[in-house]
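Okay, so here's the structure we're looking at.
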Amino acid sequence: MKIQSIFILFNAILVIFIVLIGFFPTLILGADMASFFWRNNWFLLLVFVFILAAFDVFYFSHRRLYSLLEKEDWPALAHYLEDKIFRQGKYSKRLVRLLANSYIILSDSSAVINLESKASIVKASLVDDNVLVFGTARILGKDFPGAVRFFEARLGTVKPALRIWVAWYFAFSLLLNRQYEKARVEFSRLVLASDDEVITGLSAFILANTIMKALPEYKLVLESITIDGRNKALKALPQEKDWEREIGRIKTEVHALVLSKILLETGQWLYEGLTGASSEASDEPKKKTMRLDV
C-alpha cells in the first residue's frame, strides 16, 4: 500500500474515532449528562486531536522523503539526505542509516566511507549503530584489510544485538583478505558458540567449502566442526522453508547484498541430500565450491 494511502486511511480512522467519542456519551447518557461528562473529561478529545495533528505535521514535514522512498529514486534520495545531513547538520540515526543504505544501493562505497568519517566526528555512536552498513561498504569496495580493521575494532563496542554479526563479518573479512588461519579460528568459534542458526550455518559452510581447501592440514578437525555445525543448524531449522524464513528477514537489510550468493549456496549445502523435511543431517557434509567474488 502506498504511503499516501496509509496516511489518508489513518486520518480517516482517527477522525471517525474522534467523532464517535464526541457523540457516544450523548447517545448513552443523554444530552444533560453528556454535557456534564465533557465538562470534566474534555481533555480526552484534546488528546486525540493532538495525536491527529502531530501525525499530520510529521507526515507533511517528511513527505518528500517518503515520496522518494516509495519511488525508489535512490540518486534523488541521496541528494535530499545529503542536504539534510551535511548542509543542515541533521545527523540523526535514521537519516544517516538511510543515506548509507542509499549509497550502498548506488554502489558508491567511497561515499559511505565519507559519511562515516563525518558522522563519527559529530557523534561516534552513529558509526556503531550502522556498523554493518559501514563495514560492508569496505567489502563492496574490495578494501579487505580496511574491513578487517573496522570490524575487529568494534567487536566489543557495538550493541549486543549486533555483536554476533560483527564477529561474523570480521571472520569473513579475514577470509577475503586471505588470512585463512585467523579466519579458521573465528569461524570455528562461531560454529561452536553461536546461538544464531544462520550464523552457524554460514560459518560451517565456509569452513567446509573454502577454509578446508585452503588449509588441508586441518581437514580432520574441520570436518568434525562442520558436521556439528550442519547438524546444529538443521536441528534448529529442519526444513528448507525454515531456512528461507530466517534468511528472508536478513535479506531486507542492505548489508545483506554482500551475502545473497552465500546465503543461497549455504541453504543448498545444508539441505542437499535430505530425503525428508525433518531428516537429520548426514555425517559427511557435501562439498560445494564457493566463489568469493563479492
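Summary table below
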{"quantity": "Any hit, segment 19-41, residues being of a type outside the set (Gly, Ala, Ser), modelled with pLDDT of 75 or more and assigned to a helix (DSSP H, G or I)", "calculated": "yes"}
{"quantity": "Complete set of residues in segment 217-268 that are free of Cβ contacts under 8 Å to residues at least 12 places away in the same chain and within 23 Å of the chain's Cα centre (by Cα)", "calculated": "Lys241, Asp242, Arg245, Gly248, Arg249, Thr252, Ala256, Ser260, Leu264"}
{"quantity": "Single condition Pro160 does not satisfy, out of (1) over 22 Å from Tyr218 (Cα atoms); (2) touching a residue at least 12 places away in the same chain (Cβ under 8 Å); (3) not aromatic (Phe, Trp, Tyr)", "calculated": "(2)"}
{"quantity": "Failed item, numbered, when Lys251 is tested on (1) modelled with pLDDT under 95; (2) buried (at least 17 other Cβ atoms within 10 Å of the Cβ)", "calculated": "(2)"}
{"quantity": "Among the candidates Leu81, Leu126, Leu95, residue that is surrounded by 17 or more Cβ atoms within 10 Å (Cβ to Cβ) and more than 29 Å from Ser5 (Cβ to Cβ)", "calculated": "Leu126"}
{"quantity": "Residue satisfying all of: in segment 159-180; outside any helix (DSSP H, G or I) and among the basic types (Lys, Arg); farthest from the chain's Cα centre (by Cα) among these", "calculated": "Arg178"}
{"quantity": "Extreme residue, modelled with the lowest pLDDT, among residues of segment 1-18 that are of a type in the set (Val, Ile, Thr) and in contact with a helix residue (DSSP H, G or I) (Cβ under 6 Å, 6 or more places away or on another chain)", "calculated": "Ile3"}
{"quantity": "Residue check, Ala183 farther than 22 Å from Ser109 by Cα, assigned to a helix (DSSP H, G or I) and either more than 23 Å from the chain's Cα centre (by Cα) or among the acidic types (Asp, Glu) (or both)", "calculated": "yes"}
{"quantity": "Any hit, segment 207-215, residues being more than 24 Å from the chain's Cα centre (by Cα), surrounded by fewer than 16 Cβ atoms within 10 Å (Cβ to Cβ) and assigned to a helix (DSSP H, G or I)", "calculated": "yes"}
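So that you can scan it fast, the table gives a plain yes or no per residue for (1) of a type in the set (Phe, Trp, Tyr); (2) within 24 Å of Phe187 (Cβ to Cβ); (3) surrounded by fewer than 24 Cβ atoms within 10 Å (Cβ to Cβ); (4) assigned by TED's automatic domain parsing to the domain that holds Ala171:
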position	(1), (2), (3), (4)
Ser110	no, no, yes, no
Leu115	no, no, no, no
Lys118	no, no, yes, no
Val122	no, no, yes, no
Thr136	no, yes, no, no
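The values are calculated or read from the model by the stated rules, or taken from the named source; none is laboratory data. If you're wondering where the values come from, they're calculated on a predicted model, not measured in any experiment. Positions of Cβ are generated from backbone atoms using ideal geometry, with glycine treated the same way; all protein chains shown enter the neighbour counts.
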